[in-house]
């Protein structure tokens with residue numbers, strides 16, 4: 001009996017000591033809940049250069065054929081972006097519960113083949129035809145008509161007929177049935193003391209006005225001293241054939257005329273008097289194209305609705321244009337212009353969509369159509385949106401535009417000095433997380449609308465455009481030609497621009513009061 005009692009006592013003592021030992025163990029550490037700052041930082045790190053580079057690779061692929069707005073390939077690109085947004089839970093932000101806003105968009109498809117040749121007289125009435133090199137010396141006009149024109153070239157300066165200014169480049173020359181050689185822009189620049197004077201000339205700086213005027217004066221074709229770069233931002237006149245040419249072609253036209261091109265242009269600008277003349281040179285230019293007057297453009301919009309019942313009515317828009325030039329004989333890939341902006345926008349969209357902390361204000365991700373083309377003034381998609389806004393413009397806190405943020409090692413933005421209160425948020429995000437050199441300046445759009453931010457700015461919406469610059473010098477021109485390829489893109493700068501804008505948006509979206517309007 002004593003033995004049994006001792007055994008029971010021993011068991012109880014063992015259990016007691018074991019319990020005491022357990023009680024003596026330190027309490028298991030329970031991780032505190034993550035702060036909002038930690039959750040936002042975690043979402044920021046979802047943005048990776050590898051992923052963004054993959055988006056650019058997809059956007060410049062043959063399947064999207066250069067993303068010319070109106071084409072089936074452009075719509076396929078829209079569908080691809082929509083699928084990404086939908087997969088992340090980004091809501092449709094367009095019309096009628098869709099991701100889209102449709103708008104009228106006439107467009108022209110330019111097919112491969114054509115010529116740009118100078119006729120050089122040879123002995124005994126013969127002629128030698130000197131062909132010019134595609135892209136290095138000329139690129140077909142983006143809205144060219146079909147046909148072939150062989151005719152004398154007439155130099156018409158800036159191609160302007162402006163009775164109210166007492167100026168007419170066509171006075172005293174006969175261009176009927178001829179090919180005109182024309183300068184781009186106007187003889188007065190939009191800077192300094194000449195700004196007020198420029199405003200009088202500005203309506204004549206548009207490509208569309210110049211082309212229509214040449215056709216109205218009877219010209220059958222045009223060689224436009226513009227690059228040579230590709231550009232579908234022009235009017236279409238049936239049967240009117242034109243190319244964009246560079247200095248090599250212009251120099252050949254002027255050779256032997258007793259005039260020097262640069263001196264002639266300088267004289268026009270200095271005296272504001274035409275210097276038009278028949279050159280005595282003959283050229284042949286040709287193109288094959290198909291015009292689609294009933295084309296439809298697509299703006300693509302996704303949104304993340306703000307969480308605050310009052311602040312959600314205020315909108316932050318971030319975006320860039322989705323389109324490019326399509327094919328001008330060859331594929332125009334548009335890697336930095338503007339696939340990198342689309343990639344950055346997608347990176348920001350995914351990060352906000354997956355962030356455990358949602359912004360109090362509504363954030364709209366806007367991928368514009370037809371920035372590169374218009375038969376009116378250009379930047380057709382943003383022009384249409386600002387005339388038919390889905391979100392009230394007076395409730396749009398800021399428009400963050402992007403143009404070419406994919407090549408370089410530094411970050412630039414136009415508009416920081418115009419909107420210093422906004423720029424404070426950018427500098428704070430950069431100092432805390434990105435650590436890149438930042439450069440900014442004023443928001444200023446005195447000339448033609450060459451960026452989507454222009455229309456927002458003119459409507460009173462605070463607007464900035466972000467890009468990249470610096471790094472090694474590019475080995476050749478890449479603007480609006482076949483060389484704007486993914487091989488030149490810097491993935492790391494895209495990642496940093498995306499992270500910078502993500503942190504900026506997350507910071508400013510929660511401010512109780514925001515008013516960047518000047």
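The values are calculated or read from the model by the stated rules, or taken from the named source; none is laboratory data. This one's a predicted model, so the numbers in the text were calculated from it and none came from an experiment. Cβ sites come from the backbone with ideal geometry, for glycine too, and all protein chains shown count toward neighbours.
Tally time: how many residues in the stretch 323-377 are over 25 Å from residue 243 (Cα atoms), touching a helix residue (DSSP H, G or I) at 6+ places or on another chain (Cβ under 7 Å) and not in a helix (DSSP H, G or I)? Residues in the stretch 323-377 being over 25 Å from residue 243 (Cα atoms), touching a helix residue (DSSP H, G or I) at 6+ places or on another chain (Cβ under 7 Å) and not in a helix (DSSP H, G or I): 11 in total.
Pick from the stretch 418-453 the residues that are touching a strand residue (DSSP E or B) at 6+ places or on another chain (Cβ under 6 Å) and in a loop (DSSP other than H, G, I, E, B): which of them is nearest to residue 195 (Cα to Cα)? The extreme case among them is 443.
Are there any pairs with C-beta distances below 6 angstrom linking a residue in the stretch 409-425 that is outside the structural domain of residue 451 (by TED's automatic domain parsing) and touching a residue at least 60 places away in the same chain (Cβ under 8 Å) to a residue that is buried (at least 21 other Cβ atoms within 10 Å of the Cβ) and outside any loop (DSSP other than H, G, I, E, B), with the two at least 6 apart or on different chains, and if so which? Pairs that qualify, where the first residue is outside the structural domain of residue 451 (by TED's automatic domain parsing) and touching a residue at least 60 places away in the same chain (Cβ under 8 Å) and the partner is buried (at least 21 other Cβ atoms within 10 Å of the Cβ) and outside any loop (DSSP other than H, G, I, E, B): there are none. If you filter the stretch 235-258 down to residues that are touching a residue at least 40 places away in the same chain (Cβ under 8 Å) and part of a loop (DSSP other than H, G, I, E, B), you find that the one that is farthest from residue 115 (Cα to Cα) is 235. A Cβ distance below 6 Å, combined with a sequence gap of six or more or placement on separate chains, defines the contacts here; from the stretch 173-200, residues that are farther than 28 Å from residue 278 by Cβ and in the same structural domain as residue 138 (by TED's automatic domain parsing) reach residues that are in a helix (DSSP H, G or I) and modelled with pLDDT under 95 in the pairs 190/198.
Looking only at residues that are part of a loop (DSSP other than H, G, I, E, B) and more than 19 Å from the chain's Cα centre (by Cα) in the stretch 471-505, which one is surrounded by the fewest Cβ atoms within 10 Å (Cβ to Cβ)?
473
The conditions of being within 23 Å of residue 379 (Cβ to Cβ), crowded, with 22+ Cβ neighbours inside 10 Å and at pLDDT below 95 are not met by residue 444.
Would you mind finding the one in 113, 157 that is on the phi > 0 side of the Ramachandran plot, loosely packed, with under 14 Cβ neighbours inside 10 Å and outside any strand (DSSP E or B)? Please lay out each step first, then the result.
On the way: 157 fails: loosely packed, with under 14 Cβ neighbours inside 10 Å.
Only one candidate passes the filter, namely 113.
Residue 243 falls short on exactly one of the conditions (1) under 24 Å from the mean Cα position of the chain (by Cα); (2) under 23 Å from residue 446 (Cα atoms); (3) surrounded by 22 or more Cβ atoms within 10 Å (Cβ to Cβ), and that condition is (2). Exactly one residue out of 427, 403 is at negative phi and crowded, with 21+ Cβ neighbours inside 10 Å, and it is 403.
Determine if the stretch 188-196 includes at least one residue that is modelled with pLDDT of 95 or more and either in a helix (DSSP H, G or I) or buried (at least 22 other Cβ atoms within 10 Å of the Cβ) (or both). No, the conditions are met nowhere in the stretch 188-196.
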